[in-house]
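The values are calculated or read from the model by the stated rules, or taken from the named source; none is laboratory data. Keep in mind that this is a model prediction, so the values were computed, not measured. Backbone-built Cβ (ideal geometry, glycine too); neighbour counts: all protein chains shown. Ligands, DNA and RNA are stripped out before the accessible areas are found, and what is left, the full protein with its side chains, is counted by its heavy atoms. Shrake-Rupley method; radii C 1.70, N 1.55, O 1.52, S 1.80 Å.
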Amino acid sequence: MLISNNAALPREAQNQKLTGPKESDIQTLGRTSTDHEQGSKITNIAKKYLGASYVWGGTSPTDGWDCSGYVQFVFREAGIELPRIEQWVGQQRIKREEALPGDFIVQDGGTHGGIYAGNGMMYSALNPSQGTMLHSVDIMPAEFYRISQ
């Protein structure tokens, strides 16, 4: 049924506002607004370190890091502890179309990892010649994970 005018819509009483659910109660693709804030926090941290050197086995932005060292460092700065390797173990695997900024990406069967930036892009410490950068997820086969605290 089409409503041709606003007569059938709910009206606010004087000094009363119509309200819906609280923002914290709204869920999008399995994430609450708090989770969205966490995702933004993670991607903002990841962005700060673009250009840092890649060093195999490294764990710091000043001395260089590899992909897992970068991911561990970023998540730790966001208040989330991850193991040094196999960071996806015990996390919730999600479909690519469900991925949101701040989710974790495992590529090439576990040989590479990074942080989903959105729009098919990811942050990672890619290799010694390119360092820490924003690049396409599609450079290698990818699996997506939601990191839980």
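At a glance:
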item: Failed item, numbered, when GLY69 is tested on (1) surrounded by fewer than 21 Cβ atoms within 10 Å (Cβ to Cβ); (2) over 12 Å from ARG146 (Cα atoms); (3) not hydroxyl-bearing (Ser, Thr, Tyr); result: (1)
item: Long-range neighbours under 8 Å by Cβ, at least six apart or interchain, first residue in contact (Cβ under 8 Å) with a residue 24 or more places away in the chain within segment 94-111, second hydroxyl-bearing (Ser, Thr, Tyr) and part of a helix (DSSP H, G or I); result: PRO101/SER40; PRO101/THR43; GLY102/SER40; GLY102/THR43
item: Hits in segment 108-122 (condition: in a helix (DSSP H, G or I) and either among the polar types (S, T, N, Q) or open to solvent by less than 60 Å² (accessible area, probe 1.4 Å) (or both)); result: GLY110
item: Yes/no for GLY79 being crowded, with 22+ Cβ neighbours inside 10 Å and modelled with pLDDT of 90 or more; result: no
item: Among (1) closer than 23 Å to VAL55 by Cα; (2) touching a Ser or Thr at 6+ places or on another chain (Cβ under 7 Å) - the single one GLY120 does not satisfy; result: (1)
item: Members of segment 82-107 found to be aliphatic (A, V, I, L, M), open to solvent by less than 20 Å² (accessible area, probe 1.4 Å) and within 19 Å of GLY120 (Cα to Cα), listed by number; result: ILE94, ALA99, ILE105, VAL106
